[in-house]
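Each remark here refers to the structure printed beneath this line.
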Amino acid sequence: MHKTSVPGVWRRFKNRYQIVGTQCETCKTNFYPPRELCPKCRRGGKISEKKFAGLGKIVTYTRVHAAPAGYEKQVPYAVAIVQLEEGPMLTTQIVDYNTDELKIGQSVRATFRKMYEDGDEGIIHYGTKFTPIRES
């Protein structure tokens with residue numbers, strides 16, 4: 001069970017509803033989640049905030065049929081490692097897909113979705129998941 005105060009959620013608003021990481025301006029390497037130090041440039045690197053476009057490709061994925069506590073109503077669902085166009089990889093849930101649609105290399109985009117509800121209070125937490133980009 002998650003326990004989060006409403007003010008705590010609002011303080012993390014930007015990072016919760018956008019894909020915000022960092023970039024080393026020295027070597028142009030992008031990081032997600034954000035880093036305070038570039039592992040390549042070390043102290044010589046200048047780190048700045050970077051908002052990612054939210055476009056990427058599925059590197060690998062799996063379908064979850066036995067969910068952890070709190071996610072039982074969502075099964076089956078897909079979890080994937082997505083490589084963003086800007087380079088970083090992240091683990092995310094894939095939503096709005098047909099069973100036979102997911103493939104390694106599938107183009108995806110970030111989308112805003114419900115993540116979970118907080119206990120008896122019913123505070124709904126939203127965040128970023130990914131959905132396939134369908135070819136026209």
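Nothing in this text is a laboratory measurement; each read-out follows from the coordinates by a stated rule. Note that the structure is predicted; figures quoted are calculated from it, not measured. Cβ placement follows ideal geometry from the backbone for every residue including glycine, while neighbour counts extend to all protein chains displayed.
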What FRET efficiency, computed as 1/(1 + (r/R0)^6) with R0 = 35 Å and r the Cβ-Cβ distance, is obtained for Asp96 and Ala66, rounded to the nearest 0.05?
0.95
Taking Lys and Arg as +1 and Asp and Glu as -1, residues besides Val59 with C-beta under 14 Å from its C-beta add up to +1
What's the extension gain from Asn30 to Arg42 if we count 0.36 nm per residue and subtract their Cα-Cα distance?
2.9 nm
Quick one: longest stretch of the chain between exposed loop GluC sites (Glu not before Pro), exposed meaning at most 13 other C-beta atoms within 10 Å and loop per DSSP?
37-84
Over the chain, calculate the relative contact order: mean separation of alpha carbon pairs under 8 Å at least 6 apart, over the residue count, as a percent.
22 percent
Rg/Rg_globular for the range 51-136, with Rg_globular taken as 2.2 N^0.38 Å and Rg from C-alpha atoms:
1.13
Entries in Lys46/Lys114; Lys28/Lys129; Lys50/Lys73; Lys50/Lys103; Lys51/Lys103 that, when Cα-Cα distance is taken, lie over 31 Å:
Lys46/Lys114; Lys50/Lys73
Charge dipole of the chain built from unit charges on the beta carbon (Lys, Arg +1; Asp, Glu -1), centred at mean Cα; most positive-end Cα among Val59, Leu37, Ser107 is Leu37
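Tally Lys/Arg at +1 and Asp/Glu at -1 over every other residue whose Cβ is under 14 Å from the Cβ of Ile94; what's the total?
Values: positive: Lys57, Arg63, Lys103, Arg109, Arg113, Lys129, Arg134; negative: Asp96, Asp100, Glu101.
My count for the surroundings of Ile94 gives +4.
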Just to confirm the filter: which trypsin sites (Lys or Arg not before Pro) across the range 72-136 are DSSP coil and have at most 11 other Cβ within 10 angstrom of their Cβ?
Lys103, Arg134
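Work out how much length Val79 to Arg109 would gain on full extension: take 0.36 nm times their residue separation and subtract the Cα-Cα distance, in nm to one decimal.
Numbers: separation 30, 0.36 × 30 = 10.80 nm, distance 1.41 nm.
Fully extending the segment from Val79 to Arg109 adds 9.4 nm.
Using the crude model of +1 on Lys and Arg Cβ and -1 on Asp and Glu Cβ, and no other charge, please compute the dipole size for the chain relative to its Cα centre, in debye to 20.
Values: 22 positive and 14 negative charges, 136 e Å.
The dipole magnitude comes to about 660 debye.
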